[in-house]
Amino acid sequence: MSYFTYVARDRDGKRVQGEMEAADRRAAISKLRESGLMVATISEKRKPLALGKGFATGGLLAKKVSLKDLAVFSKQFSAMIDSGIDVLRCLKILSRQTENPAFQGIISKIHDDVSEGQTLAGAMSKHSAAFPRLYISLIRASEESGALDTVLSRLAESLESELSLRNQVAAGMKYPQAIGVAALIILTVIMIFVIPTFAEMFKSMGGKLPLMTRALIAAATFMKSYWWAILLIYFGLPTSLKLINNTTGGRLALDRLKLRMPVFGQLTQKVIVARFTRNLATMLGNGIPILRALEIVDEAAGNVVYETAIRRIRESVKEGESIAGPMEASRLFPPMVPAMIAVGEESGDLDGMLTKVADFYDAEIDSTVKVLTSLLEPILISVMGAVVGFIVISLFLPLFEMIKLVQKMT
């Protein structure tokens with residue numbers, strides 16, 4: 001994603017300037033036009049560091065707008081609109097009720113923009129970090145159709161489903177991650193502080209040590225001498241991966257790797273399919289045209305490989321083809337998905353069929369996470385046991401040799 005600054009005019013001719021993220025210049029202009037803005041100038045600039053963003057939103061420790069914040073906001077907004085409260089008053093109430101200080105400020109700015117005559121979708125589009133493109137498009141469609149409360153309610157349900165999906169995967173991975181981190185810390189402490197003590201003792205004994213013991217002592221000596229390099233690897237690897245992911249080629253390579261990993265690749269595919277089908281169903285169910293919906297949901301896939309495939313599907317649909325055909329040709333979706341979508345297209349209930357596919361894959365993700373957790377736990381314990389066993393045997397071999405020598409002398 002690239003970062004752009006722009007100057008534009010709204011429908012009333014007022015000057016609007018701001019910053020935004022988009023795939024390229026063309027996509028940025030398209031987003032602004034969808035928000036009802038006429039672009040005067042737009043230029044690409046270096047993306048600001050996260051630290052700068054933190055200060056800009058109220059301090060280094062300022063909270064970001066989470067998916068949960070957005071889901072609660074949508075549900076409360078829907079309930080108030082349904083009760084007959086006007087939009088401006090709703091926004092005023094929500095700005096006070098929201099616990100997240102950063103989100104409070106955003107809602108207050110939206111309130112001010114709407115009170116000055118801007119549309120709700122137009123005001124929200126200025127805060128792309130808080131409101132996804134899909135969200136803004138649905139709000140715009142609801143304003144045109146007059147069904148804001150219904151759309152907000154569906155958005156809340158969709159966001160809660162996405163939140164449940166993320167929590168499901170995170171909860172399944174938490175225990176294996178905790179075991180892995182604990183094992184790594186224990187192993188590091190043993191290698192840096194315990195093994196060197198044994199090494200000094202063996203050195204005072206003299207004689208030639210077994211190969212396993214020499215290898216273990218050499219590894220421990222390296223870790224003790226270059227402890228800073230070990231720490232650099234531990235803490236630098238996540239940062240390095242994040243930097244690589246920010247480059248076009250790096251992100252493509254990492255996304256391909258995620259899909260090819262044993263077991264984890266299948267889980268990643270199911271998560272993407274569930275997210276894609278649910279988002280597409282939400283948009284179609286709220287009256288967004290299919291081409292427009294496909295243009296928006298490709299960004300929500302969260303994987304460059306799938307984003308490219310969805311763009312190709314959109315081009316095929318633009319030329320008059322069905323969705324199911326190019327989807328099956330991409331070979332990225334399980335055979336059941338294009339088959340069910342084909343049925344949905346023929347029956348005229350595409351959004352209903354997409355919802356069923358999303359529900360099916362939510363259940364599949366749940367079972368995959370459980371299987372993965374049950375597999376990872378014994379694997380991690382076995383690996384840890386093998387490492388500890390190697391250390392124990394390596395340390396006790398010289399002691400056995402020493403006991404034999406003592407027995408021979410007596």
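Every number here is computed from the coordinates shown, using simple stated rules; none is lab data. Keep in mind that what you see is a predicted model, and the values were worked out from it rather than measured. When we count neighbours, we look across all protein chains shown, and the Cβ atoms used for this are built from the backbone with ideal geometry, even at glycine.
Here each label is just a point 7 Å from Cα along the line to Cβ, and for TYR234 and ALA171 those points are 3.0 nm apart.
Per the helix-only calculation at 222 nm, which mean residue ellipticity applies to the chain, given -39500 (n - 2.57) for every DSSP H run of n ≥ 4 and division by its residues, nearest 500 deg cm²/dmol?
Working: 18 runs with 304 residues, N = 410.
It lands at -25000 deg cm²/dmol.
Evaluate the charge dipole of the chain about its Cα centre and quote only its size in Debye, nearest 20, assuming +1 on the Cβ of each Lys and Arg and -1 on the Cβ of each Asp and Glu. All intermediate terms of the calculation are to be shown ahead of the outcome.
Working: 48 positive and 40 negative charges, 393 e Å.
Using only the charged Cβ atoms, the result is roughly 1880 debye.
Positive-end ranking of ALA220, LEU284, GLY344 along the dipole of the chain, with charges on Cβ about the Cα centre, is headed by ALA220.
Stokes-Einstein diffusion for the stretch 119-272, with the hydrodynamic radius set to the Kirkwood value over Cα pairs and evaluated at 10 °C in a medium of 1.306 mPa s, equals 75 µm²/s. The C-alpha atoms of the chain occupy a region whose extents along the principal axes are 101, 50, 40 Å, arranged from largest to smallest.
Quick one: which of 118-129, 186-197, 273-284 comes out on top by average Cβ neighbours within 10 Å, and what's the full order, highest first? Mind showing how you got there, number by number?
Working: 118-129: 21.4, 186-197: 14.4, 273-284: 24.8.
Those peptides, ordered most packed to least, come out 273-284, 118-129, 186-197.
Taking every full run of DSSP H in the chain, the ones that stretch at least 30 Å from end to end by Cα along their long axis and average 0.0 or higher on the Kyte-Doolittle scale are 148-189, 264-285, 350-409.
Altogether, the Stokes-Einstein calculation at 10 °C and 1.306 mPa s, with the Kirkwood radius of the stretch 244-333 over Cα pairs as Rh, returns a diffusion coefficient of 116 µm²/s.
Per Stokes-Einstein, at 37 °C and 0.692 mPa s, what whole-number D in µm² s⁻¹ belongs to the stretch 185-337, with the Kirkwood radius over Cα pairs as the hydrodynamic radius?
Working: Rh = 19.8 Å.
Diffusion coefficient, whole number: 166 µm²/s.
Counting only residues at least eight positions apart within a chain, or on another chain, the aspartates and glutamates with an alpha carbon under 15 Å from that of LYS208 are GLU200, GLU401.
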